[in-house]
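Here is the structure we will look at.
The values are calculated or read from the model by the stated rules, or taken from the named source; none is laboratory data. Values in this document were obtained by computation on a predicted structure and should not be read as measured data. Positions of Cβ are generated from backbone atoms using ideal geometry, with glycine treated the same way; all protein chains shown enter the neighbour counts. Areas reflect the complete protein model, heavy atoms only, side chains present, ligands, DNA and RNA absent. Shrake-Rupley method; radii C 1.70, N 1.55, O 1.52, S 1.80 Å.
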Amino acid sequence: TKGTTTWTMEEKENGRILQVVIVGSPNVNPGYKLVNNKAYPQIAADYKHEFVVLNSLPCDIFLGAHGAYFNLKDKYARWKSGDKDAFIDPAGYKAYIADRENAFQTELARQQAAK
């Protein structure tokens, strides 16, 4: 989404500093025109920049605009059961960003081939 925002912050807990990333929306929704978009000509460049930024962020605690992005349901259940580190998930963050970047690249290539 044009203007999507990702937030970062530090969380201090028990003498450690954790890097928190709250991801906006790195998705290419159905109908998004990435090629020859007269209303938003730099859309593909903006997506590419978004992934450069997201890939550069240090992340210990992965959150997002929607719970499904970071498996909120399961992490919350683990946290409620006493796992105080349930939301620490740097590997999940990297996997999610890689998946969304791959989806973008796939859709961009599809649209470029169709033009």
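Here are some notes:
- Subset of the stretch 92-115 [open to solvent by 40 Å² or more (accessible area, probe 1.4 Å), assigned to a helix (DSSP H, G or I) and either charged (D, E, K, R) or touching a strand residue (DSSP E or B) at 6+ places or on another chain (Cβ under 9 Å) (or both)]: Lys94, Asp99, Arg100, Glu101, Glu107, Arg110
- All conditions in (1) more than 22 Å from Asn14 (Cβ to Cβ); (2) under 10 Å from the mean Cα position of the chain (by Cα); (3) open to solvent by less than 40 Å² (accessible area, probe 1.4 Å) hold for Phe62, with the sole exception of (1).
- Residue satisfying all of: in the stretch 19-50; free of Cβ contacts under 8 Å to residues at least 40 places away in the same chain and among the hydrophobic types (A, V, I, L, M, F, W, C); most open to solvent (accessible area, probe 1.4 Å) among these: Ala39
- Cβ separations smaller than 8 Å between residues 6+ apart or across chains give the following pairs from the stretch 72-94 residues that are closer than 20 Å to Pro26 by Cβ and among the charged types (D, E, K, R) to residues that are open to solvent by less than 100 Å² (accessible area, probe 1.4 Å) and in a helix (DSSP H, G or I): Asp89/Phe70; Asp89/Lys75.
- Test: residue in the stretch 82-90 that is outside any loop (DSSP other than H, G, I, E, B), loosely packed, with under 12 Cβ neighbours inside 10 Å and β-branched (Val, Ile, Thr): no
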